[in-house]
1. So, of the residues in the range 100-133 that are more than 23 Å from SER74 (Cβ to Cβ), more than 15 Å from the chain's Cα centre (by Cα) and not in a helix (DSSP H, G or I), which turns out to be modelled with the lowest pLDDT?
2. Can you tell me which residue is surrounded by the most Cβ atoms within 10 Å (Cβ to Cβ) among those in the range 54-76 that are in a strand (DSSP E or B), free of Cβ contacts under 8 Å to residues at least 60 places away in the same chain and of a type in the set (A, V, I, L, M)?
3. Would you please name the residue that is least open to solvent (accessible area, probe 1.4 Å), looking only at residues in the range 160-194 that are at pLDDT below 75 and in a loop (DSSP other than H, G, I, E, B)?
4. Here are ALA79, ALA97, ALA34, ALA41: which of them is modelled with pLDDT of 95 or more and surrounded by fewer than 20 Cβ atoms within 10 Å (Cβ to Cβ)?
5. Checking VAL24 against (1) within 22 Å of LEU65 (Cβ to Cβ); (2) open to solvent by 20 Å² or more (accessible area, probe 1.4 Å); (3) not small (Gly, Ala, Ser), which single condition isn't satisfied?
6. Only residues that are in contact with an Asp or Glu (Cβ under 8 Å, 6 or more places away or on another chain) and at pLDDT below 90: list them for the range 134-159, please.
7. Tell me, which residue of the range 124-143 that is among the polar types (S, T, N, Q) and within 18 Å of MET85 (Cβ to Cβ) is most open to solvent (accessible area, probe 1.4 Å)?
8. Which numbered condition trips up PHE118, out of (1) of a type in the set (A, V, I, L, M, F, W, C); (2) open to solvent by 30 Å² or more (accessible area, probe 1.4 Å); (3) touching a residue at least 12 places away in the same chain (Cβ under 8 Å)?
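The values are calculated or read from the model by the stated rules, or taken from the named source; none is laboratory data. The structure displayed is predicted, hence computed values, not measured ones. No Cβ is skipped: glycine too gets one built from the backbone with ideal geometry, and neighbour counts run over all protein chains shown. With ligands, DNA and RNA removed, areas are computed over all heavy atoms of the protein, side chains included. Shrake-Rupley method; radii C 1.70, N 1.55, O 1.52, S 1.80 Å.
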Amino acid sequence: MLNSSGPRIKRGSGPPGKLKEHNVRDRALRHLVADFRHRCAYSMRHIENNGGLRQMDVDHFDPTLRGQRRNAYSNLMLATHHCNMMKSATWTKPVAASAGSVRLINPCEEADYGVHLFEDPGTHEVVGWTARGRLQIDTMDLNHPAYVRERKERSDYYLAKRSLPAYIKGSYEDLMTALSLADATYSRCIPEIPEPPRGDAPE
């Protein structure tokens, strides 16, 4: 379960020297992969479940910045191609424009899941608990069918695991081996996300 007490991602200092538009991916990518623990900054999807490193983008969190600030390591995020393209398409278009003073959540600076974003345990869709959470979902399309399916598969596995030992016949060693292999697979799914709090969501 995610810890919602502070920023989800603790970013390192990145590569030495200045990053420029022509070399930002080559120089920053391996640092982002390590800092973001092989997961998309927004959907939390693992690189391996997203088709490998070539299917991951280096996203400029605030693409409106210019000059050195645009390519500063602090403005770069590891993102699935889907999240990056959705975000790029909406940053200056109706979704963002209608949000007014509401701004996207930077997971390197503040909590996102467990504060603004929760998971509906029935549908496995992400629920925006705040205006910023709703903007995040709309902008990055966090309820894309592939993401919802992966969250459901993860939930189904951990639910089944709790009752699995009672139904499996065989030695303890065989059971532990099977569970270890399954754990390794499902540990790469989108992590568990807290359920929405009880009561009404804030405006």
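1. Looking at the filtered set, the residue picked out is GLY100.
2. Among those that are in a strand (DSSP E or B), free of Cβ contacts under 8 Å to residues at least 60 places away in the same chain and of a type in the set (A, V, I, L, M), it is MET56.
3. SER171
4. ALA34
5. VAL24 satisfies all of (1) within 22 Å of LEU65 (Cβ to Cβ); (2) open to solvent by 20 Å² or more (accessible area, probe 1.4 Å); (3) not small (Gly, Ala, Ser) except (2).
6. TYR158
7. ASN143
8. (2)
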